Amino acid sequence: MAFCEVKEKVLKNGLKIIFIEDHSSPVSTFQVWYKVGSMDEPEGKSGISHLLEHLMFRGSRNYPGNVFSKIIQSQGGIDNAFTTKDYTVYFQKLSPSKIQTSISLEADRMANLLLLPEDFELEKKIVLEERRQRYDDDPESLMFEEVISVAFKNHSYRKPVIGWIEDIQSITLDDVKNYYHEYYCPNNAFIIVAGDIKQKEVIGQIKEKFENIPSCKINPPRKNLYEPEQYGERRVILKKQTHLPMLVMAYKVPAYPQKDSLSLEVLSTIMGEGKSSRLYRKLVIEKALVVDVSTGNSPLSRDGFLFFIVASLKDVEKIDEVRKIIEEEIDRIKNEQPSEKEIEKAKNQVEASFLFNQDSVFGYALYLGRFEILGDWKMIDRYREEIIKVQSEDVQNVTKKYFNFNNLSIGVLLPR
Amino acid sequence: MDFKTFQLQNGTKIKYLQRENIPIVYVSVLIPASVLDESKPSVAYLTAHMLTHGTQRLTARQIEEEIDFLAISIEKNITHDYTMLTLSTTKRHLNEALNLFLDILMHPSFPEDELKKEISILEKSLKQMEEDPSFIAHKTFLKQLFGQHPYGRPIEGEPEKLKDITRQDIINFYENLYKPDGMIFSVVGDIKEDELKELINKPIAKWNGNRKERNLNPPVFSKRTEPNKIFIKRDDLTQSTIVLGFEGISRKDPDFYAVSVMNYILGGGGLTSRLAKYIREEHGLAYSIYSTFNPYLLPGPFYVEVKTKAENTDNVVGMIVKELKKMRENGVTDEELKEAKAFLIGSFPLRIDTMKKISEFLPVIEFYNLGDDYIKKYPEYIEKITAKDIKKVADRLLNSSSYILVIVAPSNAVK
């Protein structure tokens, strides 16, 4: 039930283009998605996907120099990019009449990135500043980085997207060049063009610029990723300057299209989303032990990731008590199926967030892209249909299946 | 944008834009009540947040239950000049959502025990915020610039002053300021005009009362003859957080558009601004650097913020001051001016590219008296700015000799 028309076309070189026509506002977005993220990185080179993302703004053959953002902004547009564990996205938001600019710039940097030594050294420095700002000087982000890295001992998901400092420092320009040539090609990417556009008009422009870019010589390398069985709970304790101690509980869970991921989404709503959720009621309202508590699941990952329960505590002495209450609430679901009203509430929320998501054509394009990363954007409809079918019993079953001692990693952030 | 404006007998204004492409509705209300009206810090913040903690009809728990069950949201945004609430709802739950929204707005009960809980949470959150180097740097900078004026403290307040707040303070604030005659609503989305009149205009029209006149005293800035430098030591950090700034302008200042263009070129324009180009792109000394100005009802601040590795601190401060001087002395080039105008005009539609953004934007246009044709006129306002105008405002505002400088950093940051 999308409220705008979505269509696709695949070019001869394997590049897929997804069109979302939405004429409600005179704006458009152009997004290039590369199916590569930190999970694909070679050992010892964590952060290379993200470093390459920075270098994508430093000029290409027909647009040399530091001109990408300057060109977009002087056309009244905004550009940026982001890297995740699963993929890398470059985007512009701009007037539909200026979309040709996006097409020309993105095509040139897909095919002809310059990657000059002086830019490489500068961007490494900038990324190290970014790491200091976002992780090293931010105890809460650091806590998540640590918990994720103990939850996985083999799977690449253990590595932070921004990379470890030593890895970032050891990356060479040749490493980046190889990585770029291996993964940045039309058959490992797709385009989403959305907003107040006409498919018939933009397809010609896109074809002209992108169709002659050669496909990857060999298919982009994919690692055979696995995570050995976990024996026992894992724990990391971090001491930093902070006022509120934090407790993070992380359980390894599967990703979509595995059905359990949907039941886990419903569980997350019941447990920790909103002020009427079970954990919020218990810990914030009744016991007044925490300032905030929430849960988070990421079903749209390329591989199974983590179900997080996060609490900010008032008192460092109460960490064990808070943990005990959380586990009691988990056991309560194991012993007694959630009520029909809770299931209906969760479904209302799924339905509403699906609608609100479409208010922003940019946000909707991002949402659709995440399904394409999993294989096909059309899965979005199936996802919605399937999540509406989740039953109380399914929620109970996934709780029993994944919320166990041998599947748990715990992080505790303490004031030093 | 073809929105309509209704004015009710009781003084309430309602902006309305019908959009039927998605079955959702946003309702925002701007209440002219903020830190400017407070008897004590945190009162504006707490009043808005307490609205959803009980009404004459519903308990806090019932309200929370209903919000989550209907999958609606009621966001509260307290700025330096006003408070804004925004309801997001699906068309399917519009009736129930509106009943709830108008109930929390018109009949809050401010239960004592709920206030205590909210204060306890706010106190803890504020203490946590005060661990954040950016928060400390801003708080210290604003205190130096504004002194005792309400613009000189965080909107959330100060943890040590929370114990003085009583339920009566909240009730007084609400009774004085949450009155229909000053409120500006906007309704955007899948709702027909007759539904609007029945479900929104009608119940609001029955609400009566007059707000207390706001007492708008402009801040009194103390004169500085040299830079005022403050260093806050935090040995747990690797970076310095630097805030360097001075007096800015109010929203009604005739120089507003010239300052907008100048600031874009100086440090407002993302990676392409002069500051970002020089400090980040050419020297790799920072990940984020920007300049900004807050044009409130009364003059607000103008400042630059940057984070850099501790040992680069002095160097980066010197580079910022150099850019400020350069702007004062030489102004901008024709190319810079052209690009800045193209960006500000061209990107304006992106500021209102969702129904939610429109819903939150329309009341603000009314509040600052920008005119119903503001969206149409904006390009004209920007287009007429000249390089000479920019030189003039740079000279007027950019205080490169006696700025306020706050650095939050480890000991080795400053020699």
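I'd like the full set of residues that are more than 29 Å from residue A:414 (Cα to Cα) and assigned to a helix (DSSP H, G or I), limited to the stretch B:104-140. Reasoning before the result, please.
Of all residues in the stretch B:104-140, those more than 29 Å from residue A:414 (Cα to Cα) come to B:104-113.
Of everything in the stretch B:104-140, those that are more than 29 Å from residue A:414 (Cα to Cα) and assigned to a helix (DSSP H, G or I) turn out to be B:104, B:105, B:106, B:112, B:113.
In this structure, is residue B:65 open to solvent by 30 Å² or more (accessible area, probe 1.4 Å) and not basic (Lys, Arg)? Break it down into steps so the answer makes sense when it comes.
Working: open to solvent by 30 Å² or more (accessible area, probe 1.4 Å): yes; not basic (Lys, Arg): yes.
Yes; evaluated as a whole, the condition is true for this residue.
All but one of (1) touching a residue at least 60 places away in the same chain (Cβ under 8 Å); (2) open to solvent by 60 Å² or more (accessible area, probe 1.4 Å) hold for residue B:150; which doesn't?
Of (1) touching a residue at least 60 places away in the same chain (Cβ under 8 Å); (2) open to solvent by 60 Å² or more (accessible area, probe 1.4 Å), only one is false for residue B:150: (2).
Which residues, counting only those in the stretch B:153-162, are open to solvent by 30 Å² or more (accessible area, probe 1.4 Å) and in a helix (DSSP H, G or I)?
Residues satisfying the conditions are B:160, B:161.
Looking at (1) more than 14 Å from chain A (Cβ to nearest Cβ); (2) of a type in the set (Ser, Thr, Tyr); (3) out of contact with any Lys or Arg (no Cβ under 8 Å at 6 or more places or on another chain), which is the one condition that is false for residue B:296?
Going through (1) more than 14 Å from chain A (Cβ to nearest Cβ); (2) of a type in the set (Ser, Thr, Tyr); (3) out of contact with any Lys or Arg (no Cβ under 8 Å at 6 or more places or on another chain) one by one, residue B:296 breaks only (3).
Which ones in the stretch A:356-371 are facing chain B (nearest Cβ under 10 Å) and without any contact (Cβ under 8 Å) to a residue 24 or more places away in the chain?
Across the stretch A:356-371, the qualifying residues are A:356, A:357, A:359, A:360, A:363.
Residues in the stretch A:230-241: is at least one open to solvent by less than 30 Å² (accessible area, probe 1.4 Å), closer than 30 Å to residue A:53 by Cα and not polar (S, T, N, Q)? It would help to see each step written out before you state the result.
Of the residues in the stretch A:230-241, the ones open to solvent by less than 30 Å² (accessible area, probe 1.4 Å) are A:230, A:232, A:236, A:238.
Pick out the ones that are also closer than 30 Å to residue A:53 by Cα and you get none.
Looking through the stretch A:230-241, none of the residues is open to solvent by less than 30 Å² (accessible area, probe 1.4 Å), closer than 30 Å to residue A:53 by Cα and not polar (S, T, N, Q).
Please note which strands (runs of 3 or more DSSP E) are completely contained in the stretch A:1-116 and include at least 2 residues that are within 22 Å of the chain's Cα centre (by Cα). Before you say what the answer is, go through the steps one by one.
On the way: elements: A:5-10, A:16-21, A:28-34, A:78-83, A:88-94.
Ranges flagged: A:16-21, A:28-34, A:78-83, A:88-94.
Inspect all residues belonging to the stretch A:117-130 and state whether any of them is touching a His at 6+ places or on another chain (Cβ under 8 Å) and assigned to a loop (DSSP other than H, G, I, E, B).
No, that holds for no residue.
Between a residue in the stretch A:82-106 that is farther than 19 Å from residue A:196 by Cα and any residue that is open to solvent by 10 Å² or more (accessible area, probe 1.4 Å) and part of a loop (DSSP other than H, G, I, E, B), which pairs come within a Cβ distance under 7 Å, given they are 6 or more apart or on different chains?
Once the first residue is farther than 19 Å from residue A:196 by Cα and sits in the stretch A:82-106, its partners that are open to solvent by 10 Å² or more (accessible area, probe 1.4 Å) and part of a loop (DSSP other than H, G, I, E, B) give A:83/A:161; A:84/A:161; A:85/A:161; A:86/A:302; A:87/A:35.
State which residue is farthest from the other protein chains (Cβ to nearest Cβ) when the search covers only the stretch A:51-84 and only residues that are open to solvent by less than 20 Å² (accessible area, probe 1.4 Å), over 22 Å from residue B:353 (Cβ atoms) and in contact with a strand residue (DSSP E or B) (Cβ under 6 Å, 6 or more places away or on another chain).
Filtering the stretch A:51-84 for residues that are open to solvent by less than 20 Å² (accessible area, probe 1.4 Å), over 22 Å from residue B:353 (Cβ atoms) and in contact with a strand residue (DSSP E or B) (Cβ under 6 Å, 6 or more places away or on another chain), the one farthest from the other protein chains (Cβ to nearest Cβ) comes out as A:60.
Residue-wise test of (1) surrounded by fewer than 16 Cβ atoms within 10 Å (Cβ to Cβ); (2) of a type outside the set (Val, Ile, Thr); (3) in contact (Cβ under 8 Å) with a residue 12 or more places away in the chain; (4) touching a helix residue (DSSP H, G or I) at 6+ places or on another chain (Cβ under 9 Å).
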site: A:170; (1), (2), (3), (4): yes, yes, yes, no
site: A:193; (1), (2), (3), (4): no, no, yes, yes
site: A:211; (1), (2), (3), (4): yes, yes, yes, yes
site: A:217; (1), (2), (3), (4): yes, yes, no, yes
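Hey, could you check the stretch A:172-191 for residues that are aliphatic (A, V, I, L, M) and in a helix (DSSP H, G or I) and say which is most open to solvent (accessible area, probe 1.4 Å)?
Step one: of the stretch A:172-191, the residues aliphatic (A, V, I, L, M) are A:173, A:176, A:189, A:191.
Retained after the next criterion (residues that are in a helix (DSSP H, G or I)): A:173, A:176.
Values: A:173: 30, A:176: 0 Å².
Going through the qualifying residues, I end up with A:173.
Can you confirm whether residue B:337 is crowded, with 21+ Cβ neighbours inside 10 Å, more than 10 Å from chain A (Cβ to nearest Cβ) and part of a helix (DSSP H, G or I)? If you could, list the steps in order and put the result at the bottom.
On the way: crowded, with 21+ Cβ neighbours inside 10 Å: no; more than 10 Å from chain A (Cβ to nearest Cβ): yes; part of a helix (DSSP H, G or I): yes.
So residue B:337 fails the test.
When you scan the stretch B:84-93, do you find a residue that is over 20 Å from residue B:186 (Cβ atoms), open to solvent by 10 Å² or more (accessible area, probe 1.4 Å), facing another protein chain (nearest Cβ under 9 Å) and touching a residue at least 12 places away in the same chain (Cβ under 8 Å), even just one? Steps first, answer last, please.
Initial filter on the stretch B:84-93 (over 20 Å from residue B:186 (Cβ atoms)): B:92.
Next, only the ones that are open to solvent by 10 Å² or more (accessible area, probe 1.4 Å) stay: B:92.
Subsequent filtering for residues that are facing another protein chain (nearest Cβ under 9 Å) retains B:92.
Restricting the remaining residues to those that are touching a residue at least 12 places away in the same chain (Cβ under 8 Å) gives B:92.
Scanning the stretch B:84-93, I find at least one residue that is over 20 Å from residue B:186 (Cβ atoms), open to solvent by 10 Å² or more (accessible area, probe 1.4 Å), facing another protein chain (nearest Cβ under 9 Å) and touching a residue at least 12 places away in the same chain (Cβ under 8 Å), so the answer is yes.
Residue by residue through the stretch B:1-54, note down the ones that are among the charged types (D, E, K, R) and either farther than 20 Å from residue B:351 by Cα or surrounded by fewer than 22 Cβ atoms within 10 Å (Cβ to Cβ) (or both). Can you show your working first?
First, the residues of the stretch B:1-54 that are among the charged types (D, E, K, R): B:2, B:4, B:13, B:15, B:19-20, B:37-38, B:40.
Residues satisfying the conditions are B:2, B:4, B:13, B:19, B:20, B:37, B:38, B:40.
When residues of the stretch A:25-50 are filtered for being within 14 Å of another protein chain (Cβ to nearest Cβ) and over 17 Å from residue A:206 (Cα atoms), how many remain? If you could, list the steps in order and put the result at the bottom.
So in the stretch A:25-50, the residues within 14 Å of another protein chain (Cβ to nearest Cβ) come out as A:25-30, A:47, A:50.
Cutting the leftovers down to over 17 Å from residue A:206 (Cα atoms) gives us A:25-27, A:47, A:50.
Final tally of qualifying residues: 5.
Applying the selection to the stretch B:342-359, what residues are surrounded by 21 or more Cβ atoms within 10 Å (Cβ to Cβ) and touching a residue at least 40 places away in the same chain (Cβ under 8 Å)?
Selection gives B:343, B:344, B:355, B:358, B:359.
Given the criteria within 13 Å of chain A (Cβ to nearest Cβ) and surrounded by fewer than 20 Cβ atoms within 10 Å (Cβ to Cβ), does residue B:117 qualify?
So residue B:117 fits the description; yes.
Just to be sure I understand the filter: pairs with C-beta atoms under 9 Å, separated by 6 or more residues or on different chains, first member in the stretch A:257-286 and open to solvent by 50 Å² or more (accessible area, probe 1.4 Å), second member of a type in the set (Ser, Thr, Tyr). Which pairs pass?
Here the result reads A:257/A:383; A:273/A:280; A:273/A:294; A:273/A:295; A:275/B:52, each pair linking the stretch A:257-286 to a residue that is of a type in the set (Ser, Thr, Tyr).
The values are calculated or read from the model by the stated rules, or taken from the named source; none is laboratory data. None of these values were measured; they are calculated from a predicted model. Glycine gets a Cβ as well: all are built from the backbone with ideal geometry, and neighbour counts include every protein chain shown. Accessible surface is based on the protein model in full, side chains and every heavy atom, while ligands, DNA and RNA are left aside. Shrake-Rupley method; radii C 1.70, N 1.55, O 1.52, S 1.80 Å.
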